[in-house]
Amino acid sequence: MENTLWAGPHTSIAKGFKAAFDAADKIGANTFQFFTRNPRGKKARALDPKDIGALRLGLEAKHFGPLLAHAPYTMNMASKTEKTRDFAREVFADDLKRMEALPCSLYNFHPGSHTGQGSEKGIDEIVEILNAVMAHEQTTTVLLETMSGKGTEIGRSFEELAAIIGRAEVPEHLGVCLDTCHVYSAGYDIVHDLDGVLAEFDRLVGLERLKAIHLNDSKTPFGSHKDRHEKLGAGSIGWAAFEKIVTHPKLRHLPFFLETPQEDYSGYEAEIQKLRAF
Ligand code: FE
Ligand code: FE
Ligand code: ZN
């Protein structure tokens with residue numbers, strides 16, 4: 001399976017993990033992403049050992065690549081509101097505990113929005129929670145997602161990600177998930193200068209920290225600092241750039257996740273087929 005591209009959609013686990021696996025498998029995907037809990041809610045459903053067992057068997061039988069868990073958007077470690085940060089700490093701790101029971105070792109989260117207190121203070125808050133919750137013994141790699149920089153978002157630059165990782169007490173379990181829509185909106189020109197962007201990432205963060213890619217086209221122009229995903233090829237990034245990304249010697253071994261706006265899974269199926277054909 002050396003040359004297999006790992007690609008899969010964002011799925012729902014509302015009907016369980018095995019159902020999410022089946023949905024991904026049915027469209028020719030060999031990985032998938034899922035929200036750890038309702039993105040707006042707090043309570044996560046109890047894990048069903050039978051469901052997880054069935055997932056494990058499926059992943060092995062179909063040679064799936066690494067799955068990606070995504071934290072809820074309501075988890076904002078950087079908020080100036082203490083209650084919001086306490087909630088984020090609780091959710092993060094509970095998610096990491098649950099991850100130990102899942103056949104999934106990658107956990108992605110949005111670093112957060114500083115909600116007016118400034119990015120330096122926001123970064124302090126993120127680092128505090130990461131250091132309070134993460135442990136050397138954990139088996140999960142926690143990924144900071146690159147963000148577009150809308151509003152007061154942190155993670156709009158590789159410098160900000162490096163600042164967080166640089167102060168972590170458990171750096172061996174930290175990595176980055178690069179979202180193509182977000183970085184392009186943030187002002188990293190992956191269309192005309194992919195190698196330059198990767199060199200910059202390597203210099204500031206280290207390419208060995210890059211563990212996953214979110215493949216999304218963008219409805220808005222380069223450097224817009226907006227976050228509007230588009231179907232692959234239908235936005236400002238375009239198919240030529242996605243071909244370069246999934247075939248790039250420094251990227252092609254990574255798992256690729258689609259968060260493109262689709263009416264149903266057949267849209268993802270078409271995107272995956274096209275990516276595999278490159
Ligand atoms: Fe995300
Ligand atoms: Fe994303
Ligand atoms: Zn986004």
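Laid out as a table, the results:
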item: Where the chain is the region considered: accessible area per residue in Å², 1.4 Å probe; result: 44 Å²
item: Extension gain, Ser266 back to Thr74 (0.36 nm per residue minus Cα-Cα distance, nm); result: 66.2 nm
item: The stretch 254-263 - phi-based ³J(HN,Hα) in whole Hz, Karplus 6.51/-1.76/1.60, Gly and Pro as x; result: 7, x, 10, 10, 9, 10, 7, x, 10, 6
item: Karplus-derived 3J(HN,Hα), 6.51/-1.76/1.60, for each residue of the stretch 235-245, Hz, glycine and proline x; result: x, 7, 8, x, 4, 4, 5, 5, 4, 4, 5
item: Centre separation in Å (Cα based) which lies between the stretch 34-110 and the stretch 162-238; result: 22 Å
item: Sulfur and carbon atoms: percent of accessible area, the stretch 95-196 [1.4 Å]; result: 50 percent
item: Per-residue ³J(HN,Hα) for the stretch 219-225, Karplus 6.51 cos²θ - 1.76 cosθ + 1.60, θ = phi - 60°, Hz, x for Gly and Pro; result: 6, 10, x, 3, x, 6, 6
item: Calculated FRET efficiency for the pair Asp48/Gln117, C-beta based, R₀ 45 Å, to 0.05; result: 0.65
item: Distant-in-sequence amide H partners of Arg228 (H built 1.01 Å from N, under 5 Å); result: Lys219, Thr220
item: Over 22 Å between alpha carbons, listed pairs Lys62/Lys250; Lys18/Lys62; Lys50/Lys211; Lys226/Lys274; Lys97/Lys121; result: Lys62/Lys250; Lys50/Lys211; Lys226/Lys274; Lys97/Lys121
item: Peptide ranges 240-250, 21-31 listed from the most packed, as the mean C-beta count within 10 angstrom indicates; result: 21-31, 240-250
item: Heavy-atom accessible surface of the stretch 230-278: percent carbon and sulfur, 1.4 Å; result: 52 percent
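The values are calculated or read from the model by the stated rules, or taken from the named source; none is laboratory data. Bear in mind the structure is a predicted one, so any value in this text is a computation, not a measurement. Here the Cβ is made from the backbone with ideal geometry for all residues, glycine too, and neighbour counts use every protein chain on show. Remember, those area values only see protein heavy atoms, side chains included, never the ligands or the DNA or RNA. Shrake-Rupley method; radii C 1.70, N 1.55, O 1.52, S 1.80 Å.
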